[in-house]
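Q: Encoded as structure tokens, here's the structure I'll be asking about.
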Amino acid sequence: MKGNVFLKVKVKVKKMNINKKISEIGVVPVIKLNHPQRDAAPLAKALCAGGVPVAEVTFRAAGADEAIRLMREACPEMLVGAGTVLTKDHVDKAIAAGAQFIVSPGFDGELVAYCQEKKMAVYPGCTTPTDYHAALKYGLEVVKFFPAEQSGGLAKIKAMSAPFPMFKVMPTGGISLKNLKEYLSCPVICACGGSYMVTADLIDNQKWDEITDLCKQSVEIVKEVRKHG
């Protein structure tokens, strides 16, 4: 019995550490990689060089698990998770590849329970009071808010935090350098997910320096907000 209690505590600490790391970085690049063998390693290095050692690699493209593995090999210090996770098979592939967290676009209780069973930090998409209530039942502390801008943006996130002040939120969808500061200035925001620094054009044309520069600009905004927060 004692062993089980200690195991639960250890797992909770691990998830809290990942939550803390993501929050400290402040931005999470949401990545779709069409050519993992070619682009995963240089992309990981470009992100780290820009001060953003984290990535959400989406299962929207084939080979997402391979991309996760290659990014972690290239930059072991990096926090790499799997995004657009829709099935248990996705979870299994992500874990086998070395993913450290799971992100899903919506709330699926069965999927959340499976991730928790596998000792994986999981951030399901939650945009309604019903979603938040479900997340509360599963003991989650951080939820994804997706698609952020299309679902009501910061105004809705603030409104939702009134009845659910226990959650930190990771908005994704419509985030850019133009509104990053506004989002991060809200105390309930853990970090912002975005693809503006890892667009298809930047990746497919291997514009690693531009990606690094966009990451650096994002980090400056994070620092500015946190300094005055």
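Q: Can you tell me which residue within the range 66-93, out of those that are out of contact with any Lys or Arg (no Cβ under 7 Å at 6 or more places or on another chain) and part of a loop (DSSP other than H, G, I, E, B), is surrounded by the most Cβ atoms within 10 Å (Cβ to Cβ)?
A: As a first pass, look at the range 66-93 and keep what is out of contact with any Lys or Arg (no Cβ under 7 Å at 6 or more places or on another chain): 66-73, 76-77, 81-83, 85-90, 92-93.
Checking which are part of a loop (DSSP other than H, G, I, E, B) leaves us with 76-77, 85-87.
Details: 76: 10, 77: 8, 85: 29, 86: 14, 87: 14.
Step by step, filter the range 66-93, then rank; the result is 85.
Q: Here is a follow-up. Taking the condition surrounded by fewer than 21 Cβ atoms within 10 Å (Cβ to Cβ), outside any loop (DSSP other than H, G, I, E, B) and at pLDDT 95 or above, does residue 96 pass? Spell out how you get there, then give the answer.
A: Numbers: surrounded by fewer than 21 Cβ atoms within 10 Å (Cβ to Cβ): yes; outside any loop (DSSP other than H, G, I, E, B): yes; at pLDDT 95 or above: yes.
Taking the combined requirement at face value, the residue satisfies it.
Q: Considering only the range 12-20, I want to know if a residue exists there that is of a type outside the set (Phe, Trp, Tyr), farther than 28 Å from residue 184 by Cβ and either modelled with pLDDT of 95 or more or out of contact with any Lys or Arg (no Cβ under 7 Å at 6 or more places or on another chain) (or both).
A: So in the range 12-20, the residues of a type outside the set (Phe, Trp, Tyr) come out as 12-20.
Still in the list and also farther than 28 Å from residue 184 by Cβ: none.
Looking through the range 12-20, none of the residues is of a type outside the set (Phe, Trp, Tyr), farther than 28 Å from residue 184 by Cβ and either modelled with pLDDT of 95 or more or out of contact with any Lys or Arg (no Cβ under 7 Å at 6 or more places or on another chain) (or both).
Q: Next question. Could you check how many residues of the range 152-163 are over 19 Å from the mean Cα position of the chain (by Cα) and surrounded by 18 or more Cβ atoms within 10 Å (Cβ to Cβ)? Outline the logic, then answer.
A: Start the filter on the range 152-163 by keeping residues that are over 19 Å from the mean Cα position of the chain (by Cα), which leaves 152, 155-156, 158-163.
Next cut, surrounded by 18 or more Cβ atoms within 10 Å (Cβ to Cβ) only: 160-161.
Summing the residues that are over 19 Å from the mean Cα position of the chain (by Cα) and surrounded by 18 or more Cβ atoms within 10 Å (Cβ to Cβ) in the range 152-163 gives 2.
Q: Please go through the range 207-220 and pick out each residue that is out of contact with any strand residue (DSSP E or B) (no Cβ under 8 Å at 6 or more places or on another chain), touching a residue at least 12 places away in the same chain (Cβ under 8 Å) and surrounded by fewer than 22 Cβ atoms within 10 Å (Cβ to Cβ). It would help to see each step written out before you state the result.
A: Within the range 207-220, the first condition is being out of contact with any strand residue (DSSP E or B) (no Cβ under 8 Å at 6 or more places or on another chain), and the residues that meet it are 207-214, 216-217, 220.
Now narrow it down to the ones that are touching a residue at least 12 places away in the same chain (Cβ under 8 Å): 208-209, 211-214, 216-217.
Those that are out of contact with any strand residue (DSSP E or B) (no Cβ under 8 Å at 6 or more places or on another chain), touching a residue at least 12 places away in the same chain (Cβ under 8 Å) and surrounded by fewer than 22 Cβ atoms within 10 Å (Cβ to Cβ): 208, 209, 212, 213, 216, 217.
Q: May I pose another question? Are any residues in the range 176-206 touching a His at 6+ places or on another chain (Cβ under 9 Å) and either without any contact (Cβ under 8 Å) to a residue 24 or more places away in the chain or surrounded by 15 or more Cβ atoms within 10 Å (Cβ to Cβ) (or both), and if so, which ones?
A: So in the range 176-206, the residues touching a His at 6+ places or on another chain (Cβ under 9 Å) come out as 185, 203-204.
Hits for the range 176-206 are 185, 203.
Q: Within the range 131-150, is even one residue among the basic types (Lys, Arg), under 18 Å from the mean Cα position of the chain (by Cα) and buried (at least 21 other Cβ atoms within 10 Å of the Cβ)?
A: In the first step, residues of the range 131-150 are kept if they are among the basic types (Lys, Arg); the result is 137, 144.
Now narrow it down to the ones that are under 18 Å from the mean Cα position of the chain (by Cα): 144.
Filter once more, so that each one left must be buried (at least 21 other Cβ atoms within 10 Å of the Cβ): 144.
Looking for residues that are among the basic types (Lys, Arg), under 18 Å from the mean Cα position of the chain (by Cα) and buried (at least 21 other Cβ atoms within 10 Å of the Cβ), one finds at least one in the range 131-150, hence yes.
Q: If a residue must be closer than 22 Å to residue 222 by Cα and among the aliphatic types (A, V, I, L, M), how many such residues does the range 150-165 contain?
A: The number of residues fulfilling the criteria is 3.
Q: Which condition from (1) under 17 Å from residue 211 (Cβ atoms); (2) among the hydrophobic types (A, V, I, L, M, F, W, C); (3) part of a strand (DSSP E or B) is the one that residue 103 breaks?
A: Every listed condition holds for residue 103 apart from (1).
Q: Counting residues that are at pLDDT below 95, which helices (runs of 4 or more DSSP H) fully inside the range 143-229 reach at least 3? Quick ask: steps written out before the conclusion?
A: Values: elements: 153-161, 180-184, 200-204, 208-228.
Where helices (runs of 4 or more DSSP H) fall fully within the range 143-229 and carry at least 3 residues being at pLDDT below 95, they are 208-228.
Q: Taking the condition of being in contact (Cβ under 8 Å) with a residue 60 or more places away in the chain, surrounded by fewer than 20 Cβ atoms within 10 Å (Cβ to Cβ) and in contact with a Lys or Arg (Cβ under 8 Å, 6 or more places away or on another chain), how many residues in the range 43-60 meet it?
A: Summing the residues that are in contact (Cβ under 8 Å) with a residue 60 or more places away in the chain, surrounded by fewer than 20 Cβ atoms within 10 Å (Cβ to Cβ) and in contact with a Lys or Arg (Cβ under 8 Å, 6 or more places away or on another chain) in the range 43-60 gives 1.
The values are calculated or read from the model by the stated rules, or taken from the named source; none is laboratory data. Just so it is clear, the structure is predicted and the values come from calculations on it, not from any experiment. Neighbour counts are summed over all protein chains in view; Cβ atoms, including those assigned to glycine, are modelled from backbone coordinates with ideal geometry.
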